[in-house]
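A short write-up of the structure that comes next.
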Amino acid sequence: MAPWRKRLHEIIFESDTRAGKAFDVALICLILASVLLVMLDSVASIARENRHELYVAEWAFTIIFTLEYFLRLISVRRPLGYMFSFFGVVDLLAILPSYLSLIMPGTHYLLVIRIFRLLRIFRIFKLGTYLGEADILSKALKASRHKITVFLTTVTAVVVTMGALMYVVEGPENGFTSIPRSIYWSIVTMTTVGFGDITPKTPLGQFFASCLMILGYGIIAVPTGIVTSELSRVSVIKPITTQACPSCSREGHDLDAKFCKFCGSTL
């Protein structure tokens, strides 16, 4: 890779240098401003009085983000790898609606997807350790997926049974017009949300509802206990760096890593 491309990659994809940090801070300010602009454009009174100014500002943001997108493609060894990465897709979707609006009016409101680009704030404030904690949580959830599946299956069986039972006990005259609607009531009751749009009127129905509410309080803590037990088993991972791979643009490498753990390229 040419020296100027290495320097460009360092500025755009990393925040270890003053130039890289300044680039990311400026980019986040632009993203926030562009999202605010889209929100203001959706307010009828503001859009009516400032239509021309909003139109010009939106295309100015689009041109800036388009230029930034192509600079990112130029600065990596494997442009296709970046294009199909998470941030690559988000960056493309951040500019695509403006061009689509030329042939499909109204699609420019999809530009609010630019808010997802603020995920890069993790690099700017050196919060790489939080990404590591997210990896621990991800491993714990994956390890407990079978237990959670059994739990959700049991809950589903309970709400279906109680829904059918309440349909028989209360009937259409009390709002339980069908088994699916009764199951909806059962879910709302078990999760202790309690919208109140459907309520049992008979003493037997109220008794079953009381049992379901008490059961709901008991099962709320079950998923938490499952995940917590798995979290205690997951080993603590090494701290990671904010450095991005020059080839695939993936992050999350160990501090002493020499090669990318995803594509094998030299860091």
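FYI, it's all coordinate maths here, none of it is from the lab. Bear in mind the structure is a predicted one, so any value in this text is a computation, not a measurement. Glycine gets a Cβ as well: all are built from the backbone with ideal geometry, and neighbour counts include every protein chain shown.
Over the residues of the stretch 141-231, compute the C-alpha Rg and express it relative to 2.2 N^0.38 Å.
Expressed relative to 2.2 N^0.38 Å, the Cα Rg reads 1.20.
Length gain on complete extension for the stretch Ser42 to Lys261, per 0.36 nm per residue less the alpha carbon to alpha carbon distance?
That works out to 74.5 nm of additional length.
Would you work out the relative contact order for the stretch 141-231, in percent, from Cα pairs under 8 angstrom that are 6 or more residues apart?
Contact order relative to length: 32 percent.
Give me the one-decimal nm value for the distance between modelled label points at Ala57 and Val90, 7 Å along each residue's Cα-to-Cβ direction.
Using points 7 Å along Cα→Cβ, the separation is 2.3 nm.
In which sequence would His52, His9 go, from the one with the fewest C-beta neighbours within 10 Å to the one with the most?
Lowest to highest Cβ neighbour count: His52, His9.
Please list the non-local residues whose amide H lies under 5 Å from the amide H of Ser265, H modeled 1.01 Å from N, same-chain partners needing a gap of 5 or more.
Close amide H contacts, sequence-distant or interchain: Cys260.
Taking the Cβ of Tyr82 as the centre, find all other residues whose Cβ is under 9 Å away and add up their charges (Lys, Arg: +1; Asp, Glu: -1).
Net of charged neighbours comes to +1.
Within the stretch 147-174, find all residues whose amide N lies under 13 Å from a label point positioned 7 Å from the Cα of Arg233 along Cα-to-beta-carbon.
Taking a point 7 Å out along Cα→Cβ of Arg233, the residues of the stretch 147-174 whose backbone N falls under 13 Å are 147-148.
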